[in-house]
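Colleague: Just dropping this structure here.
The values are calculated or read from the model by the stated rules, or taken from the named source; none is laboratory data. Owing to the predicted nature of the structure, the values given are computational and were not obtained by experimental measurement. Neighbour counts run over all protein chains shown; Cβ positions are idealised from the backbone, glycine included.
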Amino acid sequence: MKAVLDHVGIAVQDVSAALSFYRDALGLEIEAPEEVSSQRVRAHFIPVGGSSLELLEATAPDSPIRSFLDKRGPGLHHITLRVDDIHAAVAHLKARGAKLVDEQPRPGAEGSLVAFIHPSAAHGVLVELKQSAVAADSGRMPARLDGPRLPATRSATWN
């Protein structure tokens, strides 16, 4: 199964201060925020090269991001790997006994489908799989899990 780094999710306590740092101190452009109501979170994407940073702010007391912030404080929340066929990727992981947070893909930010891999399966890192909205809308299913080879500097492989 091949994947490309899509973004790195960062849980923030003070979104104004975080946006100021990334925008003013680092000079990065910040896209308009997006509400992910099912997760009670607001996502602020910051393009960086071919990937993005995603600043995550809780929008409700019962948000998973609020829970994360209360337990661990602000910082790295997850990494996201973009795949062409999320259903095949989840099946691939299940067949290999990987512990998953999401047994079935669900709607995510940017009109995508997402599924999370439990940190215990990924050596302490919460990993999100993401199928882009274009691929999700087309309903296409690649014939092979590994598909075409991606440049080594931007790919990750599970065996």
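Colleague: Look through 41, 48 and report the one residue that is under 30 Å from residue 88 (Cβ atoms), at pLDDT 95 or above and surrounded by fewer than 17 Cβ atoms within 10 Å (Cβ to Cβ).
Modeller: 48
Colleague: Within region 55-68, is there a residue that is surrounded by 20 or more Cβ atoms within 10 Å (Cβ to Cβ), more than 21 Å from residue 19 (Cα to Cα), modelled with pLDDT of 95 or more and of a type in the set (Val, Ile, Thr)?
Modeller: So far as region 55-68 goes, no, none of its residues is surrounded by 20 or more Cβ atoms within 10 Å (Cβ to Cβ), more than 21 Å from residue 19 (Cα to Cα), modelled with pLDDT of 95 or more and of a type in the set (Val, Ile, Thr).
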